[in-house]
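Asks: My questions all concern the structure below.
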Amino acid sequence: MNWPKLFILILAFYLLLAIQTTLLFYFPLILISVLLINFFEKPQDFTGVLAALFGGFFLDIFSSGIIGIQALSFAALALFIKVILRRYVRGPVYPV
Amino acid sequence: MKFYFSKSKILVLLIAILLILSLNLFSKETRSFFYSIFSPVQKTFWDAGDGISDFFCGVFSRESLKKENEELRLENQKLLAEKASLSKVMEENETLRRALEIGPAEEFQLGFASVVSKLADEAILIDKGTEDGLSENMPVITAEKVLVGKIDKVYGEFSRVALISRKESSFDVEILGKSIKGLIRGRGRSEIFLDLVSKDKELKKGDLVISSSMGGIYPEGLLVGIIKEVINSDAQFFQQAEVSPFLDLRELKNVFIILNF
């Protein structure tokens, strides 16, 4: 596990959540960030899945539902994107 | 199905999810803890937000601002005239109260709080909680007596306020100066609409909607919004209306909690 990378990731999502909940009320900044990370990183990288987990968890804290629902859904979405990219997409953007 | 990640990575992910789910056993404490971690940064951003949104508003909507400014100037003149006649009525009211020994009109007992952030599901977070004597279902208003919503969850140092625009929100209202009663329903994304208004009543664009004490949720006379468009369809048993709420989240910095009413 790359701890400095993990720390930066948590810090980045902390700031993204602060921005989403104060400046951009209805813009899904965290979801879009999670999607972008997962689309543009190498399919074998695990950072996107962790980003999805943290992003979802932070959103769970700031919603009234069950804690973990969004973390779980975001992580599943990240894994799904990675499987799709790895199976069906071949191109210079996603070198294997 | 083929796994694309090592077993250890999948194991870490599963343990993390289990840990996160187990936090539901202490959801109140967990949320309170994270709110206190996030609140300093969120408070700074929230306070800065007004300036930033004003800047973008100015850049992108110059023409509409000009028109709005003109309309506001006209409305201001109208309000000044109304204010003058109202002050006369107030003076008369005060004299009559003294003569009848009724005493001054009752005001609410209020608590003060600052807004920390917007939460999901049409709610905001304020920086006062059980430690400050707040409890669930207390109405929240602005300094101008604009209805914000009611407290739906209280933590130690924070409270969650469900906005009137929340989809599950509905409460009794009346039209100022007319004997028209109705129900305001939330629509999400800061939108509300008026429902259950009898068809024989005359609703007009520009009518002021204020809260009514009938449902017992909010005290009467709090400002809710202004009618934008009346919808009178033959398929409906009641009249409906689009209401433009007075509550502007971007302008909201501080709120008052009605402790008793």
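Please treat every number below as a calculation from the coordinates, not as lab data. Small disclaimer: the values here were computed from a predicted structure and weren't measured. Methodologically, a virtual Cβ is constructed for each residue, glycine included, from the backbone with ideal geometry; neighbour enumeration extends over all protein chains shown.
Asks: Quick check: from the Cα gyration tensor, does segment B:205-261 come out rounded (a/c under 1.5), prolate or oblate?
Replies: Oblate is the answer for segment B:205-261, as a/c is 1.5 or above yet b/c matches or exceeds a/b.
Asks: Still on this model: Contour minus end-to-end for B:L96 and B:N260, with contour as 0.36 nm per residue of separation and end-to-end as the Cα-Cα distance? Could you put the intermediate results ahead of the total?
Replies: Numbers: separation 164, 0.36 × 164 = 59.04 nm, distance 2.65 nm.
Gain on stretching B:L96 to B:N260: 56.4 nm.
Asks: Right, here's the next one. Treating only the Cβ of Lys, Arg, Asp and Glu as charged (+1, +1, -1, -1), what charge dipole size does segment B:61-100 show about its Cα centre? Round to the nearest 20 debye.
Replies: So the magnitude is around 80 debye.
Asks: Can I ask one more? Along the three principal axes, how long is chain A when you take its alpha carbons, biggest first, rounded to the nearest angstrom?
Replies: Taking max minus min along each principal axis of the Cα atoms, chain A gives 39, 26, 23 Å.
Asks: Summing -39500 (n - 2.57) over the DSSP H runs of n ≥ 4 in chain A and dividing by its residue number, what mean residue ellipticity at 222 nm do you reach, to the nearest 500 deg cm²/dmol? Could you put the intermediate results ahead of the total?
Replies: Working: 4 runs with 67 residues, N = 96.
The per-residue figure over chain A is -23500 deg cm²/dmol.
Asks: Name the lysines eligible as straight-distance cross-link partners of B:K153: C-alpha to C-alpha under 20 Å, and not fewer than 8 places from it in the same chain.
Replies: B:K28, B:K43, B:K118, B:K128, B:K167, B:K253
Asks: I've got another one for you. Using Cα-Cα distances under 8 Å and only pairs 6 or more residues apart, what relative contact order does chain A have, in percent?
Replies: Relative CO of chain A lands at 27 percent.
Asks: Return a whole-number percent for the relative contact order of chain B, with Cα pairs under 8 Å and 6 or more residues apart as the contact set.
Replies: Relative CO of chain B lands at 17 percent.
Asks: Based on the Kirkwood radius over alpha-carbon pairs, what value in µm²/s does the Stokes-Einstein equation return for the translational diffusion coefficient of segment B:108-261 at 4 °C and 1.567 mPa s?
Replies: 83
Asks: Next question. Among A:Y88, B:I184, A:F40, whose Cα lies farthest out toward the positive end of the dipole of the protein assembly as shown, if unit charges sit on the beta carbon of Lys, Arg (+1) and Asp, Glu (-1)?
Replies: Working it through, the farthest residue towards the positive pole turns out to be A:Y88.
Asks: Let me ask something else. Counting partner chain Cβ atoms within 10 Å of every residue's Cβ in A:69-78, what's the average?
Replies: Working: counts 3, 2, 5, 3, 0, 0, 5, 1, 0, 1.
Averaged over the peptide's residues, the number is 2.
Asks: So which aspartates and glutamates can B:K66 reach, going by Cα to Cα under 17 Å and dropping same-chain residues fewer than 8 places off?
Replies: Leaving aside aspartates and glutamates fewer than 8 places away in the same chain, those within reach of B:K66 are B:D54, B:E75.
Asks: To the nearest 20 debye, what is the magnitude of the charge dipole of chain B about its Cα centre, counting +1 on the Cβ of each Lys and Arg and -1 on the Cβ of each Asp and Glu?
Replies: Values: 35 positive and 39 negative charges, 234 e Å.
About 1120 debye.
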